[in-house]
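Trainee: Once you've had a glance at the structure underneath, I'll fire off some questions.
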Amino acid sequence: MKSTEIPAWWLFRGDQRTDGAPSFQLPAPPPWRSFDKDGRKRRGRVYRAGSQEKWMVNAALYLRRPLLVTGRPGTGKSSLAFAVAEELGLGDVLQWPITTRTTLKDGLYHYDAIGRLQDASLAQALPRPEDAATPRAPTERFGDIGRFLRLGPLGTALLPENRSRPRVLLIDELDKCDVDLPNDLLHLFEEGEFEIPELRRLPNEQQYQTVKVLLHDTDDRAPVERGKVRAAAFPFVVMTSNQEREFSPAFMRRCLHLELQPPTIDELVEIVRRHFELADETARKGRVGKLIEQFVNKRDDGALLATDQLLNAVHMLLADLDVEDSELRERLFHPLGYA
């Protein structure tokens, strides 16, 4: 392609011409970039589990232990949690993305103290139809605290809802966390319970012994007895790590460890085939097969590449969008680093 030519598939041409703006329509996204509920479920349906993944997932399910999944970016660490939830019918995956500022409390619950104070002040200011000398009921004086308590992804996963069908919790990129978080998780992994101090401090009256709090992923509410959440069955926990740090022996003792290797060329063919619903022959040969081979050759030369870079290129190839142009292909296969 000559540098002066404008490819027909370009949407943005950079020439400030707006004559086509009224008719502009964005093409359909790649299948894995659909953000509706079905798109998230599809992430689990297209995942290809290898032998070691199957062994370790089943061991973690039987032993009720968290599964620490390590490996290079793009090896499918996070998708494993979605595959387990989809195949076993365990509902939506509870996701807890980790940053350097994340604390254990972020995963357990959030208490909106300011919102509750404003609500209580408003209730006191409203006129009352009954005799003003009548003392306010306890629920009027203290308010419905459950409306201002929302469990986090970890707290929701530990709810004692169903002993035989636990929730799936994805703790993503744990290696980015503060140094204290893995140690703070030790008690949770061992005991499967935690306290909510704001509930423990409530008056010792019958109506406060059970409080219904909000869940992380919906506005449904679940009862918490005497300020303590205690799991009936330990959730299936997948923790991912890009191996940017090491974890203590005490932490590793409470986990099962699965290290994912970059997919082989045959595994990449299967991944591409599933994502784009291609026949095996189409994914192995012709233009798609050649693109997969170029990706593997560059990766084997030491470039750190992620599988979704290959999927991006295949999506453009199947849409006839000039991906076979060497310049565009090199940009799509831009190394994330070098091994």
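Taken together, the values in this text are just the output of simple stated rules run on the coordinates, not laboratory data. Everything quoted here is computed from the prediction, not taken from an experiment. Note: ideal-geometry Cβ built from the backbone for every residue, glycine included; neighbour counts use all protein chains shown.
Trainee: Under the definition of Cα pairs under 8 Å and six or more residues apart, what whole-number percent is the relative contact order of region 263-338?
Mentor: 28 percent
Trainee: With a sphere of radius 13 Å drawn around the Cβ of residue 277, what net charge do the other residues whose Cβ falls strictly inside it have (Lys, Arg +1; Asp, Glu -1)?
Mentor: Value of the local net charge: +2.
Trainee: Could you give the dipole magnitude of the chain about its Cα centre, charging the beta-carbon of Lys and Arg +1 and that of Asp and Glu -1, in debye to the nearest 20?
Mentor: Charge dipole, the chain, about its Cα centre: 600 debye, nearest 20.
Trainee: Could you compute the FRET efficiency for residue 232 and residue 54, with r as their C-beta to C-beta distance and R0 at 25 Å, rounded to 0.05?
Mentor: 0.45
Trainee: Rank the residues 196, 6, 265 as a footprinting-exposure proxy: fewest other Cβ atoms within 10 Å of their Cβ go first.
Mentor: Starting with the residue having the fewest Cβ neighbours, the order is 6, 265, 196.
Trainee: Among 210, 218, 307, determine the one that fluctuates most according to a GNM of the chain built with springs between C-alpha atoms less than 10 Å apart.
Mentor: 218
Trainee: Related question: P(r) for region 203-323: what percent of alpha-carbon pairs falls in each 10 Å bin, starting at zero?
Mentor: Answer for region 203-323: a P(r) of 10, 25, 17, 19, 16, 9, 4, 0 percent.
Trainee: Need one number: nm distance between label points at residue 338 and residue 122, each 7 Å from Cα along Cα→Cβ, rounded to one decimal.
Mentor: A separation of 6.1 nm, rounded to one decimal place.
Trainee: Provide, in order from the shortest bin, the percent of all Cα-Cα pairs of the chain in each 20 Å bin, continuing until the bin that contains the maximum pair distance.
Mentor: With 20 Å bins starting at 0, P(r) equals 25, 44, 25, 6, 0.
Trainee: What is the chain's relative contact order, in percent, from Cα pairs under 8 angstrom and six or more apart in sequence?
Mentor: It comes to 23 percent, rounded to a whole number.
Trainee: Given points 7 Å out from each Cα along the Cα-Cβ axis, report the residue 328 to residue 297 separation in nanometres with one decimal.
Mentor: 2.0 nm
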